[in-house]
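K.L.:
Okay, here's the structure, questions in a sec.
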Amino acid sequence: MTTQTDTEPTTDTTPQQVHFEITTTDGATYRKGQAAPTGTITTSTGEDIPVTVQGYELAAGWVEIHLSDGYALAFPETRVRGALTRTR
C-alpha cells in the first residue's frame, strides 16, 4: 500500500553534517572536528603541532586525512582497521 507521504519528495533543504571516525592498525583514531592524535604532525625538533581533523578522501587504495592549517596525512587503505560514518 502506498500513501501520499511515501511518494512526496523530501523538501528539507537543511544541510546535513557528516561525521566520521577512522581507526588505523596502529591504534590511532581520527574523528572529524577533534584533535588529531599527539605526534601526528611535529616540528623538526619533535614538538607536536596541534591540528584538528577536518575531512577525509579515499582514492586509489589510499586514505587522505585532511587536517587544519593545510596539513594532510595519507596512508594505504590497508592500514585502516575500522571506519564509521554517520549523517546528522
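Rule-based calculations on the coordinates, nothing more; no lab input. Just so it is clear, the model here is predicted, and its values are computed rather than measured. Positions of Cβ are generated from backbone atoms using ideal geometry, with glycine treated the same way; all protein chains shown enter the neighbour counts.
K.L.:
According to a simple spin-label model (label point 7 Å from Cα along Cα-to-Cβ), what is the distance in nm between THR78 and THR45?
P.N.:
With each label point 7 Å from Cα toward Cβ, the separation is 3.8 nm.
K.L.:
While we're on this one: Rule-of-thumb check for the range 39-84: C-alpha Rg over 2.2 N^0.38 Å? Write down the numbers at each step before the final one.
P.N.:
Numbers: Rg = 11.8 Å, N = 46, 2.2 N^0.38 = 9.4 Å.
Working it through for the range 39-84, the quotient is 1.25.
K.L.:
Please compute the net charge surrounding HIS66, taking Lys and Arg as +1 and Asp and Glu as -1 over other residues with Cβ under 11 Å from its Cβ. Intermediate values should be presented prior to the final figure.
P.N.:
Values: positive: LYS32; negative: GLU57, GLU64, ASP69.
Residues near HIS66 contribute -2 overall.
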